[in-house]
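Input: a single structure, listed below in structure tokens.
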Amino acid sequence: MSISSVESIEISRTSSADMDADAPAGTINMKTRRAFDRKGRRIGFNAALTLNTEEFHFTRNYGPDDNRNYKFRPAFGLDYSDVFLGQRLGVTMSLSRANSYSEQYRLTHTYNRTATAADPRPMVLTAIDFKDGPQFIIKDTATATVDFKAAPGLVLSLNTILNFSERTTFNRNLTFTAAANGTAAATGRQNVIGTLTDFRTNGLASNTSRTVGLGGGATDKITDTATIVPKFEYKAGALTFDGNGSYSKSKNSYLGLQRGFASGTAVNTVVGDWRATRPSEDSGEWTINQISGPDWFDMANFRNPRMSDDRRLNITEIYSGALNATWKLPLRAFPTSLKVGGKWIEETRKLSNHSAAYAWSYAGPGGGSTGSWADYPSPHLFDSGTTNALTVYNVANERGMIRYPNRSAIYTLYTEHPEYFVSTTSADNYFNAFIANTRHVRQVVSSSYGLADVRVSSRLQVRAGLRWEATETTSRETDPLPAAQVIAAGFPVNAARRASTIPGINYQYFSRPRIGRRSEYDNLFPSVSAKYSLGHNFQAQFGANKAIARPPLNAISGTWSIDDVNFIVTAPNPNLLPEYSKNYVARLAYYFEPVGSLTLTVTQNDITNLRESHEYTAEEFGYGDDPQFASYDFRAQTNNTRSRRFRGLEVGYSQSLSFLPKPLRGTTVNLAYTRAYASERRPGMSPHRASGNIAYSYGRFNMRVGAIWSDDTPFSGTYGRFRRHEIKFDLSTGWRVSNRLTLYAQGRNVLNGSNRNFDSPRIEGEGAALQRLENHGVTWVFGVKGVF
């Protein structure tokens, strides 16, 4: 959607009856202009280049894949609008491309906080993971809107939106493990020697966990979405009827081999001893020296080469329809309007993850269980950029870098010699690929409502209403044959009473058609709000409503949701319940002349069945030995059985300082402070947050500087883990060359501040040490825009 099509933005902290009840924190409504409201023809354009400070140049070099690429990326936008038939027909169209290169540097420490009598240290650093994950991101959008005054009082509209996005990510991880994250005698934390700033492996052959490993996967995520929304509005005196329908289909494909590279190029870890040092416990700059074992810089020592592909597919289809009627009653003493309506929305998701069935071992020249990818080294060296996170010396005390396999070359090898690759798909892999990670779920929400707006007096206006919503969820699942019948057919079964061969799995799970499992519930959602004028430009507002937050369909059924940017795997939980909340808001607002306001807002939300994400390491989730996911965090949602209360206070100030002397007259200030409180520790909720920006314009020049500060914030369900307080700055500036042409530059997080998480041994915040550091570089956009 082009910003030029937006007429106004409405923010509601509580929901009224004519809004979906699945909005416990309120709604943001972007009201668009009707195309025939424009005056004549308008053509706007925008052309820009984006650059990341980690690759701030105009030359070709390696990355993000194994080939040479330009890192500066062009972007553009084009808007067109016109009116016809005497202002009765309006047309707007837009076409845009956002194109960028970004970095993903990440350092993750694994601490064991389980002290024992033999090892009383409060925290022991057992592993360090370094990630280099550059990516290209393309987002294309095409929109078209037609508004037609078909008759007096009747307006017909049609909106269409096409979206395409492609995110090409090449994650590479180096993981240095000193001991297992436990207390086992041979491999546990007690085998780590030293402190949190200077430690080493113990050199004992029994400690098989003292390793260095290569991990990370590459994928090309492609998303195609098409949306069509027909609408109408008809006014006849005191009556207004409006309605809309919509259809949207989105397809998410995750590809590797089909895009010219191998998604995974796994090898065994190398066992050996090493020492790691850094300046302090809050530092992320490590120097790692190999002490013994096979030379890390020789790729031949990383053995047993394997290859895998990413085969995920998610398809979402949404149908909806709504009809509303508003009647303005002829009551002069108490002006009143009544509104009734109904809505129906159906969402279907088809999810599959066949990746587990697409895995091979390389048995060609130089391969096999004792072979390697040494003949296919990547020219793109592992890098930690401006974070300076990793300096490595091998066993010969030579400074260098551990090499990574060339995913593009391995793809070429696979296409030219498929006979070199032997499938390693087991019966369990097959089950996970085609049964456990294949889902089809449909949800239908039907609703109706009624509300009344009454102006009680010249100062007081009240809105009250009631909404009913019914939810029906149906999932299609396999109907497996009992184990006894499988055995009788001649197929062996395992301890889980599941067929242990691929033909047996096909017989057990696909002999009968899928069945539908259905659940349904319905609820009433009352709401009330009031606005009272306390004086000239001084208003008080109050609102209260009940709301619901249904679990996302991919959270209750479906495949893993893999976030390759933040290295998080989210697993579904079919037993999730909807959240129910009671929401209260009170607000005071004073408005300045000519443009400005001072506001005070307090909120309270009482929530039952609150969904909480519990975070696990790959090892805790059972995937510590999987090279593709060993450096990922795993999350699963559950419902909290206790009621939770959240309270917030927000103070906001904004004003155009046009009363200042002329050189400063073009200054505008926006400031906000938020205080948040929860009855229990809530991950991700910052207790204190402040933001602000100052905009200035003079003559042809304009500039805006913005800042956001957050206090120490609980980061995950792991007590003691928090994100350190931080402040980040944004900057934008422009120069108007003429009345139709402007040059501009924009940068986010222009001081390149890193995200820093910490772990505490006992009490959160006390004696904390750096747990994770993330840095993405600064993305700058330089462009020119104009209107004709």
A student asked for the Cα radius of gyration and Dmax of the chain in angstrom ought to give 29.7, 93
Could you tell me how many cubic angstrom of Cα convex hull volume the stretch 157-311 has per residue? 219
Using a ≥ b ≥ c from the Cα gyration tensor of the stretch 27-113 (square roots of the eigenvalues), is it rounded, prolate or oblate, where a/c under 1.5 gives rounded and otherwise the larger of a/b and b/c decides, a/b for prolate? oblate
Pairing the Cα long axis of helix 407-416 with the longest principal axis of the chain, what angle in degrees results, from 0 to 90 and rounded to the nearest 10? 70
P(r) over all Cα-Cα pairs of the stretch 43-176, 10 Å bins from 0 to the longest distance, whole percent per bin, short to long, reads 10, 23, 19, 16, 14, 10, 5, 2, 1
In whole angstrom, how far apart do the alpha carbon centroids of the stretch 367-430 and the stretch 119-184 sit? 25
Residues with amide H under 5 Å from that of Gly63, placed H, sequence gap 5 or more: Asn69
Rounded to the nearest Å, what's the spacing between the alpha carbon centres of the stretch 527-557 and the stretch 659-732? Just the number, please. 24
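Of the listed pairs Lys221/Lys343; Lys149/Lys328; Lys221/Lys546; Lys149/Lys249; Lys221/Lys350; Lys249/Lys343, which have alpha-carbon separations greater than 27 Å here? Let's see the in-between values first.
Values: Lys221/Lys343 33 Å; Lys149/Lys328 23 Å; Lys221/Lys546 38 Å; Lys149/Lys249 29 Å; Lys221/Lys350 17 Å; Lys249/Lys343 19 Å.
The answer is Lys221/Lys343; Lys221/Lys546; Lys149/Lys249.
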Distribution of pairwise C-alpha distances over the stretch 452-544, 10 Å bins, in %: 14, 22, 13, 11, 10, 11, 12, 8, 1
Each residue of the stretch 676-689 in order: what ³J(HN,Hα) in whole Hz does its phi give by Karplus 6.51 cos²θ - 1.76 cosθ + 1.60, θ = phi - 60°, with x for Gly and Pro? 10, 9, 10, 5, 9, 3, 10, x, x, 9, 7, x, 9, 8
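Taking only protein heavy atoms and a 1.4 Å probe, what accessible area per residue, in Å², does the stretch 285-330 have with all protein chains in place? Intermediate values should be presented prior to the final figure.
Numbers: 2030 Å² over 46 residues.
Normalised by residue count, the accessible surface of the stretch 285-330 is 44 Å².
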Could you state the per residue volume, in Å³, of the convex hull enclosing the Cα atoms of the stretch 638-788? 175
Kindly identify the stretch 395-486 as rounded, prolate or oblate by the Cα gyration tensor criterion: order the square roots of the eigenvalues as a ≥ b ≥ c, call it rounded if a/c is under 1.5, otherwise compare a/b with b/c, prolate if a/b is larger, else oblate. oblate
Just how large is the dipole of the chain about the Cα centre, in debye to the nearest 20, putting +1 at every Lys and Arg Cβ and -1 at every Asp and Glu Cβ? 2980
Search the structure for amide H atoms under 5 Å from the amide H of Ala363, placed 1.01 Å from N in the peptide plane, and list their residues when 5 or more places away or on another chain. Gly368, Phe421, Val422
In whole Hz, the Karplus estimates of ³J(HN,Hα) for the stretch 723-736 (6.51, -1.76, 1.60; θ = phi - 60°; x where Gly or Pro) are 8, 5, 3, 8, 9, 10, 10, 10, 9, 9, 8, x, 9, 7
Hydrodynamic radius by Kirkwood, which averages 1/r over all alpha carbon pairs of the stretch 730-785, in angstrom: 14.3
For the stretch 204-349, whose charge dipole is built from +1 on Lys and Arg Cβ atoms and -1 on Asp and Glu Cβ atoms, the candidate among Leu338, Ala205, Leu313 with its Cα farthest towards the positive end is Leu338
Using helices alone, what [θ] at 222 nm do you get for the chain, with -39,500 (n - 2.57) per DSSP H run of 4 or more residues, divided over all residues and rounded to the nearest 500? -1000 deg cm²/dmol
Table column - 3J(HN,Hα) (Hz), the stretch 482-497, Karplus curve with 6.51, -1.76, 1.60, x for Gly and Pro: x, 4, 4, 5, 5, 4, 4, 7, x, 10, x, 10, 9, 5, 7, 6
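The values are calculated or read from the model by the stated rules, or taken from the named source; none is laboratory data. Because the structure is predicted, anything quoted here is derived from the model rather than measured. Heads up, the Cβs are rebuilt from the backbone with ideal geometry, glycines too, and the neighbour counts pull from every protein chain shown. Heads up: the accessible areas ignore ligands, DNA and RNA and are worked out on the full protein's heavy atoms, side chains in. Shrake-Rupley method; radii C 1.70, N 1.55, O 1.52, S 1.80 Å.
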